[in-house]
Amino acid sequence: MALPQVCVVYLLRERGGATEVLLGVKRVGLGVGKHVGPGGKIEPGETPRQAAVREVREEVGLIVDERDLEHVGTLDYLFPAKPAWSQQSLVFRCRRFAGEPRESRELIPRWITLDDVPFDLMWDDAQHWLPGVLRGGGIEATFVFGDDLDSVVERRQLGDWAAA
């Protein structure tokens, strides 16, 4: 059976000679309190890119054009102790957008330099793949989470795209 699909977008900008990524503290739902990129469920009839544009607008108030989304990864998340949490995440990177980030019911956003990304406050898998994606690479992998629903107990890397 196919996993339910979700999307996540990592918005990047240059500021003061450093690259920053927009992360938000999750306020509701799966992963409350964790730092995440804007994203969410792909609704019936929506393409992954359409969902990514909608989720960015809803969660942080920024306007993104589908054409500016770069698909940089596909991640399967498996939760044997809670199968309803299992999902496939389509990962996008984006450097062009309009507006200023704002808080929403879902996220409290803030810009963070790539050197200061708080991996200890994110889902456990992020430390394994996100640094490469933020620096221009891509990833295809499966992560299996343990009974605590928080720790990665198995990682299967299917592909790694080199940074540009």
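Any read-out appearing in this document is the output of simple, stated calculations on the displayed coordinates, not a laboratory observation. These figures come from a predicted structure and were not determined experimentally. So basically every Cβ, Gly included, is an ideal-geometry build from the backbone, and we count neighbours across all protein chains shown.
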Notebook entry, point to check: When you look at A2, is it farther than 16 Å from Q87 by Cβ, more than 15 Å from the chain's Cα centre (by Cα) and of a type in the set (G, A, S), yes or no?
Noted result: no
Check: Quick one: what pairs do we get from the stretch 26-49, first residue under 16 Å from I112 (Cα atoms), second surrounded by fewer than 15 Cβ atoms within 10 Å (Cβ to Cβ), C-beta under 6 Å, 6+ apart or different chains?
Finding: K26/V32; H35/P118; H35/L121
Margin query: List pairs: first residue in the stretch 126-141 and β-branched (V, I, T), second residue part of a helix (DSSP H, G or I) and surrounded by fewer than 18 Cβ atoms within 10 Å (Cβ to Cβ) anywhere in the structure, Cβ distance under 7 angstrom, at least six positions apart or on different chains.
Written below: I139/G132
Checklist line | Criterion (farther than 24 Å from D76 by Cβ and of a type in the set (K, R)) met by exactly one of R155, R110 | finding: R110
Checklist line | Hits in the stretch 136-156 - residues which are surrounded by fewer than 17 Cβ atoms within 10 Å (Cβ to Cβ), in contact with a Ser or Thr (Cβ under 8 Å, 6 or more places away or on another chain) and within 21 Å of P118 (Cα to Cα) | finding: R155
